[in-house]
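Single-structure report; data block below.
Each reported figure results from applying straightforward, stated rules to the coordinates on display, with no laboratory input. Model, not experiment: these values are computed from the prediction. For neighbour counting, all protein chains shown are included, and Cβ atoms are generated from backbone atoms with ideal geometry for every residue, glycine included.
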Amino acid sequence: MTTSEEQEREREREREREREQTRVHVFRDDALGDHDAVGLAEAIRGGEVGAAEAARDAAARVRAVEARLNAVQVHIDVPAHRSEPAGAFAGVPTFVKDNTDYQGLPTGHGSAAFAPKAARRHAPFARQFLSTGVTVLGKTRLPEFGFSPTTEYEDAEPVRNPWHTGHSSGGSSGGSAALVAAGAVPVAHANDGGGSIRIPAACCGLVGLKPTRGRMVANAQGRRLPIDLVTDGVVSRSVRDSAAFLAAAEQHWRNPKLPPVGLVEGPSERRLRIGLLLDSPNGVPSDAGTRAAVTETARRLERLGHTVEPVELSIDPRFTQDFLTYWGLLSFLIGVTGRTLGTDFDRRRMDGLSRGLRESYVKDWQRTPGVVRRLKRTREAYAAAFRGLDLILSPVLAHTTPPLGHLNPAVPYETLVERILAYVAFTPVNNVVGTPSLSVPATHTTPEGLPIGVMFSGRPGAERTLLELAFELEADEPFRGIRDV
């Protein structure tokens, strides 16, 4: 063996030692075992495991991992579970994201600008989530008002990525993703207004489906906005969990304006025409690791018999600035109406990102009608890109998961926004158009062992096609969990 080969092997051993010190998981031989949500629900229905036992062991796993991940905002000391299991996820322990009201628990929205008060009743989506039979153990952390693609704070510990605790878990559903990836719970609530299901799924090696607008019960705030960007869902470790959740949610409420999805249980025989988009439509190029992950996925699809061809998504060149302006409108509205969250609300205590978005909007608020009009027209460019195609394959993010601090809200606003736009360059289009989009783990990882996500986007109502293709990829080469690396 040459000296250079010995040096390379030593470097790899050093990298492996570092990974072992920075990787966190709590998979072990207890009631949860290695089960995903579907498997655990089956074990509970079959009497192999009790719902109370599953809740107890999940709570113990959360306690074991929380000191290193900082993913939980509120714990429930004695979680309520059904004595007679009912629902697809009956007895499965989980968490609700802390921007959704859960009766009796405070809703803090990740903000230090007010003292949250206990919710009087469940939010409509919380009721839909509970209808699946889950046992809620508490609430997960998010960045302030869900504005950031990382779950970090100016004056508090960040949520850490269980694959490497020096890196971001993504945002805004970073707390939920960290717990699921680490094995604390099989599935957890997430929602997505600019990528907030798909981004943490990509960072943490999970499956993250953003449903079509209107697929889930809408929240009251979204209905009052000119464009409702936010859709609820879950992050999971398996495709079948995301599929089972969607089918179970439809049993509670189904939008008659959308085609039903039903329970998707595996791949389809139909071969698809899939567009390949490597660089973002707003001109941000993807980095080498991300491009490699997406192109390898394209090769796998072709090997499986699908047709993959380059595609262009010709959106208005002002889209990025328009989306940022609309995001600023949301921060402005929170600053104006914040006292409905807490009587002590002080917008001066909002973090640097929220304040910067609001202040930028105030300087440019006259653009709002044109911004909304152009954003709504994005659906025309999106529909044009899909002519002759079933789905589009792209990165989730323009570059791989950054270290903690890179996107911290304490970074000066202009620098921070520049970094965010160079990172979150693919996901917002689906929120504006209202179309479904799915993040799944690629076979490639970063040199630090972090996952890389790839994204599939479809026409409105195309969740079944997305899930069928994800099942096929998972069957072709199972997604690697945190213990498999």
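Charge tally around N408: other residues with Cβ under 15 Å, Lys/Arg +1 each, Asp/Glu -1 each, net -4.
Which lysines have a Cα less than 27 Å from the Cα of K363, not counting those fewer than 8 places away in the same chain? Straight-line reach from K363, under 27 Å: K376.
Maximal additional length on extending the A118-L225 stretch stands at 36.0 nm, based on 0.36 nm per residue less the C-alpha distance. Note that region 470-485 has calculated 3J(HN,Hα) couplings of 5, 4, 5, 5, 5, 6, 5, 8, x, 5, 7, x, 5, 8, 8, 8 Hz, one per residue in order, obtained from phi through the Karplus relation 6.51 cos²θ - 1.76 cosθ + 1.60 (θ = phi - 60°); glycine and proline are x. When each of D390, D155, D344 is scored by the number of other beta-carbon atoms lying within 10 Å, the sequence from fewest to most is D155, D344, D390. Karplus-derived 3J(HN,Hα) values for region 266-273, using 6.51 cos²θ - 1.76 cosθ + 1.60 with θ = phi - 60°, are x, x, 9, 6, 5, 8, 10, 9 Hz; glycine and proline are entered as x. Placing dummy labels 7 Å off each Cα toward the beta-carbon, the span from R271 to E48 is 3.8 nm.
Across every pair of non-identical alpha carbons in the chain, the mean reciprocal distance, once inverted, gives a Kirkwood radius of 22.4 Å. Put a dot 7 Å past the Cα of E380, heading toward its Cβ, do the same for D346, and the two dots end up 4.8 nm apart.
Computed from backbone phi, the HN-Hα couplings of region 396-403 come to 7, 10, 6, 9, 5, 4, x, x Hz, rounded to whole numbers (Karplus: 6.51 cos²θ - 1.76 cosθ + 1.60, θ = phi - 60°; Gly and Pro given as x). Relative to the current alpha-carbon distance between R63 and T307, full extension at 0.36 nm per residue lengthens the span by 83.2 nm. Mean separation of Cα pairs under 8 Å and 6 or more residues apart, divided by the residue count, gives the chain a relative contact order of 18 percent. Amide H to amide H, with H built 1.01 Å from N, G138 comes under 5 Å of I76, V96, counting only residues 5 or more places away or on other chains. For K117, a cut-off of 26 angstrom between C-alpha atoms picks up these lysines, skipping any fewer than 8 places away in its own chain: K97, K139. Estimated from helical segments only, the mean residue ellipticity of the chain at 222 nm is -12000 deg cm²/dmol, where each DSSP H run of four or more residues counts as -39500 (n - 2.57).
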